[in-house]
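The values are calculated or read from the model by the stated rules, or taken from the named source; none is laboratory data. Computed from a prediction, not measured in an experiment: that's the story for all the values here. Every residue, glycine as well, gets a Cβ built from its backbone with ideal geometry; the counts of neighbours run over all protein chains shown.
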Amino acid sequence: MPNETITVRDYLPADSDATIDIFLRAIREVASKDYSPAEIDAWAKVEDRDAWAARRSSRPAWIAQCGEVPIGFTDLEPDGHLDMMFVHPDYQGRGVASLLLATVEAATQRQGLDRIFTEASLTARPFFERRGFVVLASQRVEKRGQTLKNFRMEKHLR
Ligand SMILES: CC(C)(COP(=O)(O)OP(=O)(O)OC[C@H]1O[C@@H](n2cnc3c(N)ncnc32)[C@H](O)[C@@H]1OP(=O)(O)O)[C@@H](O)C(=O)NCCC(=O)NCCS
């Protein structure tokens, strides 16, 4: 494990490939403990890398890095929706997602919003609960012919 400081910085367009790698590995190697192989196959796909890059650049987003190496990412849409929260399998349980969430919360408050909401996977639910989110509803989401369970969650900031 590299013994370098973990920091958070703004997402740059050049980070797109790194976020794809983190996304796919986090699902295949971490979320796979909570979903079936067929569900993981349906979820862990990026068919259009240009569309992925456009989506990442379309809202404020942040990269966690260890030294210079991207190890996690998140984002925040204008209405307070946190769309993505993924941490590289080699850096799980080291506070990376917590650092990213603190960045999102600061941005949310700067924008005058008082609520963050997300759709948390089975894997991410305990993380979000630990950081003050509550479950609003359990949902089933269609992905490429599979139906995956997740949770609509929110956190009020004031
Ligand atoms: C969910 C995820 C982002 C958490 O990232 P992380 O960097 O390991 O989280 P942190 O180290 O900041 O954990 C913060 C706290 O949540 C707790 N936590 C995190 N994941 C947990 C889990 N699966 N079960 C129980 N507690 C968990 C940690 O113990 C820690 O508690 P602490 O306050 O005592 O330190 C990461 O596991 C991940 O990438 N999962 C796979 C992809 C995924 O499902 N992403 C979400 C899509 S909605």
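Yes/no per residue for (1) crowded, with 20+ Cβ neighbours inside 10 Å; (2) within 14 Å of the ligand (Cβ to nearest atom):
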{"position": "Glu47", "(1), (2)": "no, no"}
{"position": "Ala54", "(1), (2)": "no, no"}
{"position": "Pro60", "(1), (2)": "no, no"}
{"position": "Cys66", "(1), (2)": "yes, yes"}
{"position": "Val69", "(1), (2)": "no, no"}
{"position": "Thr74", "(1), (2)": "yes, yes"}
{"position": "Asp83", "(1), (2)": "no, yes"}
{"position": "Val87", "(1), (2)": "yes, yes"}
* Structure fact -> Checked against (1) under 14 Å from the mean Cα position of the chain (by Cα); (2) within 17 Å of Leu157 (Cβ to Cβ), Leu122 satisfies every condition except (2)
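Determine if segment 136-144 includes at least one residue that is without any contact (Cβ under 8 Å) to a residue 12 or more places away in the chain and within 19 Å of Tyr35 (Cβ to Cβ).
Keep residues of segment 136-144 that are without any contact (Cβ under 8 Å) to a residue 12 or more places away in the chain, which gives 140, 142.
Now drop any that are not within 19 Å of Tyr35 (Cβ to Cβ), which leaves 140, 142.
Yes; the residues of segment 136-144 include at least one that is without any contact (Cβ under 8 Å) to a residue 12 or more places away in the chain and within 19 Å of Tyr35 (Cβ to Cβ).
Just to be sure, is Val69 of a type in the set (A, V, I, L, M), under 28 Å from Glu4 (Cα atoms) and touching a Cys at 6+ places or on another chain (Cβ under 9 Å)?
Working: of a type in the set (A, V, I, L, M): yes; under 28 Å from Glu4 (Cα atoms): yes; touching a Cys at 6+ places or on another chain (Cβ under 9 Å): no.
No; evaluated as a whole, the condition is false for this residue.
Condition check ((1) free of Cβ contacts under 8 Å to residues at least 12 places away in the same chain; (2) among the small types (Gly, Ala, Ser)) across all residues:
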| position | (1), (2) |
| --- | --- |
| Ala54 | yes, yes |
| Gly72 | no, yes |
| Leu82 | no, no |
| Val87 | no, no |
| Ser98 | no, yes |
| Glu119 | no, no |
| Pro126 | yes, no |
* Asked: Of all the strands (runs of 3 or more DSSP E) wholly in segment 105-158, which have at least 3 residues that are within 11 Å of the ligand (Cβ to nearest atom) and closer than 14 Å to Met85 by Cβ?
  -> 115-121, 146-156
* Selected residue (only one of Thr19, Thr7 is farther than 21 Å from Arg140 by Cα, modelled with pLDDT of 95 or more, surrounded by fewer than 13 Cβ atoms within 10 Å (Cβ to Cβ) and within 16 Å of the ligand (Cβ to nearest atom)) -> Thr7
